[in-house]
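Throughout, read-outs are computed from the coordinates displayed, never taken from laboratory work. Please read these numbers as outputs of a predicted model, since none were measured by experiment.
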Amino acid sequence: MNIMLLGAPGSGKGTQAEKLVGRLGYTQVSTGDLMRKQIADQTALGAECGKYMNEGKLVPDQIVNAIVKDYLETNHEKLIFDGFPRTLEQALELEKMLAEVNSKMDKVIYIDVAQDVILKRISGRIICPVCKVSYHVETRKPLVEGICDNDGATLIRRPDDAPEKVAVRLAAYEADTKPLIDFYSNKPGFIHIEEASELDGETVYQMIEKELVK
Ligand code: AMP
């Protein structure tokens, strides 16, 4: 079974993906992480992606689709898509790419979080550059301040979590990604986690797990 997590930046997609990986053995496909790795490895592709990512803008469909296509050649089962697709064009291309490897998207989980909560979450978010787990300076503190519980790496703030970049990212979400909710809501396997802002990550996870076995 393949799963997609849909939701605004900061809605908790990464946190839920981490739980699904740890507890149910899924593999997370985060296009943001794949591109941040290209940037860290200083590849030409990374330099191109970085131009957009540093501004909080979406990377062009052609580039992101090619990265995902390459990934799907070797992995196409038990995946969790986190942050892809982000445009209708990507969603249509993903359907084709999965069909080409005899696979499909089984569940699309929309995590619905209010915008004021999103802003609070992103403004306090710190992440581990090694294992990618995210923490929050107030609500999800690591055991030792500034240090990842999993691997001892020094936690960092994502450059695109700066307030002016967040505004651009949220605008891109409203304009380009939100239409995907309509697109998927008419398809089988669509799961709407409503008012997820009121719930903690574990409760959201339990709701998702229940839906997956239906
Ligand atoms: P994320 O880690 O998912 O929050 O993504 C961080 C940034 O990477 C986004 O703000 C975009 O600049 C870029 N990005 C990640 N996934 C995509 C995608 N599917 N389409 C376009 N840009 C993306």
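How large is log10 I(q)/I(0) at q = 0.10, 0.11, 0.19 Å⁻¹ when the Debye formula is applied to the Cα atoms of region 99-214, each weighted equally and without solvent?
Each listed q maps to, in turn, -0.41, -0.50, -1.19.
So, in region 20-122, how many Lys pairs have Cα atoms under 15 Å apart, if the pair is 8 or more places apart or on different chains?
6
Mind jotting down a quarter of the surface of the convex hull over the alpha carbons of region 116-183, in square nanometres, one decimal?
One quarter of the hull surface, i.e. the mean projection, equals 5.5 nm².
List nothing, just return the count: lysine pairs in region 122-214, 8 or more apart or interchain, with Cα separation under 26 Å.
The number of close lysine pairs in region 122-214 is 11.
Grab the DSSP H runs of the chain that are 4 residues or longer, score each as -39,500 (n - 2.57), total them, divide by all residues and round the 222 nm result to the nearest 500 deg cm²/dmol.
Rounded to the nearest 500, the figure is -13500 deg cm²/dmol.
What shape does the chain take by its C-alpha gyration tensor, where a ≥ b ≥ c are the square roots of the eigenvalues and a/c under 1.5 counts as rounded, a/b above b/c as prolate, and the rest as oblate?
Values: a/c = 1.36, a/b = 1.13, b/c = 1.20.
It is rounded, given that a/c, with a ≥ b ≥ c, falls under 1.5.
Counting alpha carbon pairs within less than 8 Å and at least 6 residues apart, what relative contact order, in whole percent, applies to the chain? Can you show the working numbers first?
Details: 299 pairs, mean separation 62.8, N = 214.
Relative CO of the chain lands at 29 percent.
Would you pull out the residues with amide H under 5 Å of His136's amide H, same chain only if 5 or more places away, H placed 1.01 Å from N?
Ile126, Lys141
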